[in-house]
Structures are given as C-alpha cells and as structure tokens.
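Visitor: First, the structure itself, so that you have it in front of you.
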Amino acid sequence: MISLDAATVLLQWATGGMLFCWFTTRRRIASLGYGWLLRGVYFFFAAGSLAAGLAFGVVPVREAASVGVMVACVGALVVSVRRRAAGVSGARAEHDRRTERVAAMTGIERTGSATDDEVSAGSDVGPEFPPILDLVPAVIGTVGLVAAALDAGGNTWVALARTLVGAAFIGAISDAMLLGHWYLTQPGLPRRLLNELVGALAWLWPLEVAVMLLPTGMIAVLNGTVDDGWGGMLGWMWLACAITTIVLIFVTKAALRERYYSAVMAATGLLYLAILTGFGMDIVPRAILASA
C-alpha cells in the first residue's frame with residue numbers, strides 16, 4: 001500500500017526543498033546567502049538518500065537521481081558564488097524603495113546601494129545568478145521519486161501522488177522555517193516572501209491529507225480495518241498532526257499580519273512546531289501502511 005524508505009524520504013526532502021528554494025530565489029530579493037544555505041543543506045540530504053539507498057536497497061534510477069541532485073546543487077552553488085559581485089537586483093530595488101521612503105519622510109539625502117555605486121563607477125560586476133538553476137535539482141529529483149514510487153508497488157497512481165505531494169509538502173514547510181530564520185540575517189527582507197511560502201503550505205495541506213486518505217489509506221486505519229499495532233492510537237495521532245498543522249499554518253499567517261518585527265520570529269517558532277506535526281502527517285501513515 002505504501003513504503004517507508006529512508007532513501008526515498010531524504011530524496012523527497014531534497015527535491016521539495018530545492019523546488020521551494022527556487023520559489024523564493026526567483027523573486028531576486030533574498031540575499032545570496034539564503035540560496036547558499038539551502039543548496040548546501042539539500043546537497044547533504046541527497047547524499048544521505050544515496051547512502052541509504054546503497055545500504056538498504058538500491059533503486060538504480062533513484063540513486064542516480066540522488067547523484068544528479070548533488071551535482072546540480074553544487075553547480076548552482078558554484079555559479080552563485082562566482083557571480084556574487086552582481087548581488088541581487090530585487091534586494092537593491094527594495095533597498096532603494098525603502099531609502100526613498102525614508103528620504104521623503106526625513107529629508108535626509110538618499111544614498112544608493114553599494115552595488116549601484118559600483119555600477120555607476122564603471123565596475124563590471126557581470127550577470128546575476130539565474131534562479132532557474134535551482135529548479136534543475138528539483139527536476140532531477142522528481143525523476144528519481146517517480147522511479148521510487150513505481151518500485152514501491154501497490155497502486156501506481158496512489159504511490160506517485162503520495163510521493164510527489166509529500167515531497168512538495170515537506171520541502172515547503174522546511175524552507176518556510178529556514179526562511180523565517182533568514183530574517184535575522186537580512187532584517188529588511190519583505191514579509192511577502194514568507195507569506196508566499198506559508199500560503200503555498202495552506203494549499204498543499206489538503207492535498208497531503210487527501211493522498212493519505214486514498215484507499216488503502218488512513219480511513220482504513222481510523223475505522224480499524226487496518227491494524228496500526230497500537231490499538232488505533234497511531235491513526236488518531238496522524239489525525240491530530242493533520243489538524244494541528246493547518247491550525248499552525250493559519251496562526252502563522254495571522255502572526256505575519258502584525259506590524260512588529262517580532263511577529264516574524266513568532267511565525268518562525270510556529271513553523272518549528274509545524275515541521276514536527278507536518279512530518280507526522282507524512283511519516284506516520286508510511287509507517288502504519290508499510291507494515292500493514
């Protein structure tokens with residue numbers, strides 16, 4: 001009905017994480033360091049997927065995809081580092097917008113961003129990092145996840161839906177938490193980036209619930225048709241995780257509507273909790289149904 005495979009879960013995490021890395025970097029507002037952080041993190045997740053696959057059961061296409069994700073993450077990281085002098089155009093535009101606003105309010109003469117000064121002085125900083133490179137590991141990882149879902153057996157379409165939706169859900173919730181922390185490094189970062197990720201989570205949550213209810217799924221666990229080995233407790237734990245996750249998502253959205261900067265940190269703390277309950281939504285059904 002479903003499988004619980006460490007290699008597949010880690011590849012899901014890396015693939016979904018890089019998808020939503022692009023989701024944020026495409027705006028060209030978050031500083032380059034945010035992309036460096038995520039590419040490094042998901043490189044190691046892909047490496048972990050490869051190691052787990054080689055140790056516990058090889059799916060050739062999945063393992064090849066893990067290598068591809070690693071190479072693509074390193075390639076994007078190298079390009080970003082080499083083009084760091086160009087900075088991030090959206091961040092410069094946001095800097096200038098805020099500076100002009102302060103100048104209008106205070107009468108203090110406006111000063112441009114450091115990169116603008118370099119350009120006006122005739123310094124050739126070259127092209128920016130192209131965010132589309134962050135999609136490459138996500139595409140490669142998706143190929144590996146399809147192979148893993150086909151190898152898992154059972155209903156092919158259900159396996160594909162659970163694997164791909166789970167990857168997107170895990171990636172979105174992880175990146176939202178990491179982005180929330182990035183506001184400590186880049187305090188002027190607009191909240192709309194975090195709002196976009198939380199909004200994506202709100203859309204993905206019903207899909208994650210739906211794919212786990214597909215037969216044979218969690219309905220069979222809740223009504224006792226499938227024995228979870230704990231007298232039904234794990235089924236109710238999954239339901240509690242699902243309800244708590246969507247509540248945390250909406251409370252996070254409410255926190256981000258507050259004007260104070262501390263609201264971003266509160267939202268990040270809520271996302272910490274949402275990661276725990278969100279992973280419970282994905283991992284608990286796999287553990288129950290894989291052993292059923």
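The values are calculated or read from the model by the stated rules, or taken from the named source; none is laboratory data. Please read all numbers here as calculations on a predicted model, not as lab measurements. All Cβ positions, even for glycine, are placed from backbone atoms using ideal geometry, and neighbour counts span all protein chains on display. Just the protein is used for accessible areas: all its heavy atoms, side chains included, with ligands, DNA and RNA removed. Shrake-Rupley method; radii C 1.70, N 1.55, O 1.52, S 1.80 Å.
Visitor: Among the candidates G144, G224, single out the residue that is within 28 Å of A46 (Cα to Cα) and of a type in the set (G, A, S).
Guide: Working: G224 fails: within 28 Å of A46 (Cα to Cα).
Checking each option against the conditions leaves just G144.
Visitor: Looking at (1) surrounded by fewer than 17 Cβ atoms within 10 Å (Cβ to Cβ); (2) modelled with pLDDT of 95 or more; (3) under 23 Å from the mean Cα position of the chain (by Cα), find the lone condition where A65 falls short.
Guide: (1)
To keep it simple, each residue is scored yes or no on (1) open to solvent by less than 20 Å² (accessible area, probe 1.4 Å); (2) among the aliphatic types (A, V, I, L, M); (3) closer than 27 Å to S31 by Cβ.
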| site | (1), (2), (3) |
| --- | --- |
| A176 | yes, yes, yes |
| L207 | no, yes, no |
| G224 | no, no, no |
| D227 | no, no, no |
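Visitor: Now for a separate question. Which one is modelled with the lowest pLDDT, of the residues in region 1-24 that are open to solvent by 20 Å² or more (accessible area, probe 1.4 Å) and not hydrophobic (A, V, I, L, M, F, W, C)?
Guide: S3
Visitor: Within region 154-161, can one find any residue that is at pLDDT 50 or above and at positive phi?
Guide: The answer is yes; a qualifying residue exists.
Visitor: Kindly indicate whether any position in region 2-22 is under 14 Å from V136 (Cβ atoms), of a type in the set (S, T, Y), touching an Asp or Glu at 6+ places or on another chain (Cβ under 7 Å) and not in a loop (DSSP other than H, G, I, E, B).
Guide: Applying the first criterion (under 14 Å from V136 (Cβ atoms)) to region 2-22 yields 14-15, 17-19, 21-22.
Checking the rest, the ones that are also of a type in the set (S, T, Y) come to 15.
Applying the additional criterion that residues be touching an Asp or Glu at 6+ places or on another chain (Cβ under 7 Å) yields none.
No, there is no match, as no residue in region 2-22 is under 14 Å from V136 (Cβ atoms), of a type in the set (S, T, Y), touching an Asp or Glu at 6+ places or on another chain (Cβ under 7 Å) and not in a loop (DSSP other than H, G, I, E, B).
Visitor: Now a separate question. For G180, state whether it is farther than 21 Å from Q12 by Cβ and buried (at least 19 other Cβ atoms within 10 Å of the Cβ).
Guide: Taking the combined requirement at face value, the residue satisfies it.
Visitor: Can you tell me which of A30, A103, A91 is modelled with pLDDT under 95 and loosely packed, with under 14 Cβ neighbours inside 10 Å?
Guide: Details: A30 fails: loosely packed, with under 14 Cβ neighbours inside 10 Å; A91 fails: loosely packed, with under 14 Cβ neighbours inside 10 Å.
Unique residue meeting the criteria: A103.
Visitor: Okay, moving on. May I ask you to say which residue of V165, V158, V139 is open to solvent by 60 Å² or more (accessible area, probe 1.4 Å) and closer than 20 Å to T15 by Cβ? Steps first, please.
Guide: Values: V165 fails: open to solvent by 60 Å² or more (accessible area, probe 1.4 Å); V158 fails: open to solvent by 60 Å² or more (accessible area, probe 1.4 Å).
Exactly one of V165, V158, V139 is open to solvent by 60 Å² or more (accessible area, probe 1.4 Å) and closer than 20 Å to T15 by Cβ, namely V139.
Visitor: Would a scan of region 45-62 turn up a residue that is open to solvent by 40 Å² or more (accessible area, probe 1.4 Å), modelled with pLDDT of 95 or more and under 19 Å from M177 (Cβ atoms)?
Guide: yes
Visitor: Moving on. Name the residue that is farthest from the chain's Cα centre (by Cα), counting only residues in region 191-229 that are at pLDDT 90 or above and not in a helix (DSSP H, G or I).
Guide: Among those that are at pLDDT 90 or above and not in a helix (DSSP H, G or I), it is L214.
Visitor: Please find, within region 230-240, the residue that is most open to solvent (accessible area, probe 1.4 Å) out of those that are out of contact with any Phe, Trp or Tyr (no Cβ under 9 Å at 6 or more places or on another chain) and part of a helix (DSSP H, G or I).
Guide: So the residue we want is W236.
Visitor: Listed residues L276, L234; which is farther than 17 Å from L193 by Cα and under 23 Å from the mean Cα position of the chain (by Cα)? Walk me through it before giving the result.
Guide: Working: L234 fails: under 23 Å from the mean Cα position of the chain (by Cα).
None of the others qualify; the one that does is L276.
Visitor: Then there's this: Which one of the conditions (1) modelled with pLDDT of 95 or more; (2) within 25 Å of G126 (Cα to Cα); (3) open to solvent by 10 Å² or more (accessible area, probe 1.4 Å) does G35 fail to meet, given that it meets all the rest?
Guide: (3)
Visitor: Moving to a separate point now. In region 241-292, which residues are open to solvent by 30 Å² or more (accessible area, probe 1.4 Å) and of a type in the set (K, R)?
Guide: If the condition is that a residue be open to solvent by 30 Å² or more (accessible area, probe 1.4 Å) and of a type in the set (K, R), then K253, R257, R259 are the ones that fit.
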